[in-house]
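The block underneath contains the structure these notes are about, expressed in structure tokens.
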Amino acid sequence: MVWVAEARYVGGYTIWLRFEDGLEGEIDFTDDLRGRIFGPLKEIELFKRFRIEGGTLVWPNGADICHSVLYATILEPVARPV
């Protein structure tokens, strides 16, 4: 398993990530902010309040995204497994 080592807000709904193995890249979450858990993250101030916990991204409302999904998304952004 490769954990998220660093994350920075870029702008809009985009976050830059660096993993423990050195892989890095940006992910635009715009199309993923829907439903009961992720829908509230459309409020940009809430979206920007992410943190790294347990090697992955989490938000104050309980939303989180598995580190392996984040990693795969950066490796192959076209075939994004969400």
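For the listed peptides 30-38, 13-21, a ranking on the average number of other beta carbons within 10 Å per residue, highest first, reads 13-21, 30-38. Dipole check for the chain: with +1 at the C-beta of Lys and Arg, -1 at the C-beta of Asp and Glu, and the Cα centre as origin, the magnitude is about 300 Debye. Taking amide H as placed 1.01 Å from N in the peptide plane, Thr14 has its amide H under 5 Å from the amide H of Phe29, each at least 5 places away in sequence or on another chain.
Just the number please: accessible area per residue for the chain, 1.4 Å probe, all protein chains included, in Å².
Ligands and nucleic acids excluded, the result is 59 Å² per residue.
Look at the dipole of the chain built from charges on Cβ: of Gly55, Gly39, Val4, the Cα furthest out on the positive end belongs to Gly39.
Need one word for region 33-75: rounded, prolate or oblate. Basis is the Cα gyration tensor (sqrt eigenvalues a ≥ b ≥ c); a/c below 1.5 gives rounded, then a/b vs b/c decides.
prolate
The values are calculated or read from the model by the stated rules, or taken from the named source; none is laboratory data. Every value quoted in this text rests on a predicted model; they were computed, and no experiment measured them. Methodologically, a virtual Cβ is constructed for each residue, glycine included, from the backbone with ideal geometry; neighbour enumeration extends over all protein chains shown. Side chains are part of the model used for accessible areas, which takes the heavy atoms of the whole protein and leaves out ligands, DNA and RNA. Shrake-Rupley method; radii C 1.70, N 1.55, O 1.52, S 1.80 Å.
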